Amino acid sequence: MIEAIVFDWAGTTIDYGCLAPVSSFKKAFAHFGITIRDTLIRQDMGLDKQTHIQKLLHDPEIQAAWQEQEPAVPLNEAVSSIYSQFQIEIDQVLAETAQLKPGMMELIAFAADHNIKLATTTGYTQAMLDRILPEAARQGYHPAYNVTSEQTHQVGRPEPDMLQLAMSELGITDPSKVIKVGDSVSDILEGKNAGTISVGVTEGSSLIGLTEAQFTSLPIQDQDMRRMQATAILKEAGADAVLNNIADLIPMIESLNDHQQTTPLLLTPGPLTTSKTVKENMLADHGTWDDDYKELTEWVRHELVAIANASQKEYTAILMQGSGSFGVEATLGTAIPKQNATLLIAENGAYGERMVQMADYLNIAHVVLKVPETEPVTRELVATALEAHPEITHFAVVHCETTTGILNPIETILPELQKHNIVTIVDAMSSFGGVPIDLTTLQADYLITSSNKCIQGVPGFSIVLAKRATLETTQYQARSLSLDLYEQYRTFEDDNGKWRFTSPTHVMYAFAQALRELAVEGGITVRFRRYQTNEQRIREGMLDMGYKVVIEEAVQSPIITSFLYPTDDFDFHDFYEYLKDRGFIIHPGKVSRVNSFRIGNIGAITKTDIDRLLQVVADYTTEELHPARA
């Protein structure tokens, strides 16, 4: 749901044609005997005014004119002189040009009816805004927060700082729920840099630069031509949408909200809710032999090793078509020799059990270390198993066992195995990308994840991070043609990113975008904190409503949280459908000995989403479980 609109001022919400700053720039330069063209002024409209003057002074003609008119004043002092005059000039016209543009009153009323907050960012100073705000208020326009570059250490558009401050003051953490609206390239870039929906407006904009009377007097075909020219410029800057009239935002927001309401958020351990931009990267078709695609594949492989804090020389990333289980089976079937090898599998949930099933299918000699589902695998338990079974050569464990949400302490377990020269296999399916993992320290031989987990891509391939020295010993060991991890690795290495068999091209482009968005968010540490915050908020909110967790907080991962059924006659299907109808999809429980359900904390999920979920659960709890209290 759209939660806020952040507007520009002149040319967007007031001052049809963006006349006040243009006329003031012209008069300020004319004060020093310099004539300046409207088109030169308008090409950088939206910047803070001092920066705008600096850019104007970069023009050779303006520089020459200044040196001719003011030979005693160095060019580096010209900005302050012209800016001082600009302040005088604009102060005289701000109030008279503060008339709201057509469509604004309808949009203000719509925002109020839909609880959408309004704020502004601007190239004006606070002193200039103080002249505008009373006039805007007199007409019924009261933005909740107004940001100038004075509040962001003089960092203005196109940087995102002002917009991010506005969102912070409004209490909004998810930029995808914010629309930034402006009439200039700088406005669009500000929105894109902040991750919001960037929307341009053409009528009354600086890019058209006409008064309302001048524009409406044009023949219809001329009006259309000017709109199209302005639209092309704003689209080139990256606008997500370009509207003619500011009131056209109303149907656009209704459409966005309708779409979001019919697409429930996935509160699962994967697939999970992905960003709009990740989805959009699947809209084009690509060839598997194309050099650009192979180059992208190599970049993805390199980035995966890097975010695992491993060296490219020591580790490599192998991508394998299919789900995460395909990657696990490819690893088990390739890494473990057909003779003279025994696998120890730590099993404290459904995914450890799945590895046992794979070992049975692949005829791999194995020992199972069975641990209760609600308890972690520990170093002591592993040491005891090794002592009882000296024949063990390989070890496999699930890092985050999403049966319950438990996080097994691999950082203490793996050193014990390395002392015995045992090859280690970590199923990090639901933790890699969301929980910091340092392969340089951990020294796992194989670590497995998939495209649709904490990196926040979509389903389509699994990922195996392998120690090169270990992997190089596995040629001819695979028990499957398609799932031969070594041959997949060699094809990537020998053919510059070529997959052995048909690859999920659309998924790869989406995954590459997801990797970029992970970097923009601040990397795994920042994402980990967001997931932790989501988990804590869900757990505490559910506990406050009387629900009980399955596992102790000390071993709880930030990935997914399991809750016991609140009553003996609890109808999970009814609960599930109730949440789904209101925009959320959760997971049934997988714990074999207790009735439970699970709520995932990962994906493109914000604090606002969590708060909305908790309100829906609270409504269900009151209406369906305890109707007498309603």
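Between a residue in segment 614-630 that is modelled with pLDDT under 90 and any residue that is β-branched (Val, Ile, Thr), which pairs come within a Cβ distance under 7 Å, given they are 6 or more apart or on different chains?
Pairs found: LEU625/THR567; ARG629/THR622; ALA630/THR622.
For (1) closer than 29 Å to HIS399 by Cα; (2) not aliphatic (A, V, I, L, M), each residue gets a yes or a no:
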residue	(1), (2)
MET545	no, no
VAL550	yes, no
ASP581	no, yes
PHE597	yes, yes
ILE602	yes, no
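Of everything in segment 562-605, what is aliphatic (A, V, I, L, M) and closer than 26 Å to THR277 by Cα? Give them in sequence order.
Result: LEU579, ILE585, ILE586, ILE599, ILE602, ALA604, ILE605.
List pairs: first in segment 48-64 and in a helix (DSSP H, G or I), second among the acidic types (Asp, Glu) and buried (at least 18 other Cβ atoms within 10 Å of the Cβ), Cβ under 8 Å, 6+ apart or cross-chain?
That search, which allows pairs on different chains as well, returns HIS52/ASP44; LYS55/ASP44; LEU56/ASP44.
So that you can scan it fast, the table gives a plain yes or no per residue for (1) among the acidic types (Asp, Glu); (2) surrounded by 15 or more Cβ atoms within 10 Å (Cβ to Cβ); (3) touching a helix residue (DSSP H, G or I) at 6+ places or on another chain (Cβ under 9 Å); (4) closer than 17 Å to HIS286 by Cβ:
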{"residue": "LYS467", "(1), (2), (3), (4)": "no, yes, yes, no"}
{"residue": "ARG490", "(1), (2), (3), (4)": "no, yes, no, no"}
{"residue": "GLY497", "(1), (2), (3), (4)": "no, yes, yes, yes"}
{"residue": "VAL507", "(1), (2), (3), (4)": "no, yes, no, yes"}
{"residue": "ALA519", "(1), (2), (3), (4)": "no, no, yes, no"}
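Output the residue which, of all residues in segment 387-400 that are under 16 Å from THR331 (Cβ atoms) and part of a strand (DSSP E or B), is farthest from the chain's Cα centre (by Cα).
Within segment 387-400, the match that is farthest from the chain's Cα centre (by Cα) is HIS394.
Yes or no, residue by residue, for (1) surrounded by 13 or more Cβ atoms within 10 Å (Cβ to Cβ); (2) of a type outside the set (D, E, K, R); (3) under 33 Å from the mean Cα position of the chain (by Cα):
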site	(1), (2), (3)
PRO566	yes, yes, no
PHE570	yes, yes, no
SER596	yes, yes, yes
GLY600	yes, yes, yes
LYS607	yes, no, yes
TYR620	yes, yes, yes
GLU623	no, no, no
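Of all residues in segment 401-458 being part of a loop (DSSP other than H, G, I, E, B), surrounded by fewer than 24 Cβ atoms within 10 Å (Cβ to Cβ) and polar (S, T, N, Q), which is farthest from the chain's Cα centre (by Cα)?
ASN421
Does LEU234 fit the bill of being within 22 Å of GLY123 (Cα to Cα) and part of a loop (DSSP other than H, G, I, E, B)?
The answer is no for LEU234.
Restricting to segment 105-148, and then to whatever is surrounded by fewer than 17 Cβ atoms within 10 Å (Cβ to Cβ) and touching a strand residue (DSSP E or B) at 6+ places or on another chain (Cβ under 7 Å), can you tell me which residue is farthest from PHE25 (Cα to Cα)?
Checking each candidate, the answer is ALA144.
Which residues, counting only those in segment 242-258, are among the charged types (D, E, K, R) and farther than 12 Å from VAL181 by Cα?
Passing the criteria: GLU254, ASP258.
Just give me the residues in segment 183-227 being more than 28 Å from LYS55 (Cα to Cα) and part of a loop (DSSP other than H, G, I, E, B), in sequence order.
SER217, LEU218, PRO219
Which members of segment 301-321 meet the condition of being surrounded by 23 or more Cβ atoms within 10 Å (Cβ to Cβ) and either of a type outside the set (Gly, Ala, Ser) or farther than 16 Å from GLU487 by Cα (or both)?
Within segment 301-321, LEU304, ALA308, ALA310, TYR315, ILE318, LEU319, MET320 meet the criteria.
Take LYS180 and decide whether it is surrounded by 15 or more Cβ atoms within 10 Å (Cβ to Cβ) and either without any contact (Cβ under 8 Å) to a residue 24 or more places away in the chain or closer than 25 Å to LEU118 by Cα (or both).
yes
For residues that are under 30 Å from THR561 (Cα atoms) and in contact with a His (Cβ under 9 Å, 6 or more places away or on another chain), tally how many sit in segment 221-265.
Qualifying residue count, segment 221-265: 1.
The values are calculated or read from the model by the stated rules, or taken from the named source; none is laboratory data. A quick note: this is a predicted structure, and the numbers were derived from the prediction, not measured. FYI the Cβ positions are ideal-geometry reconstructions off the backbone, even for glycines, and counts take in every protein chain you see.
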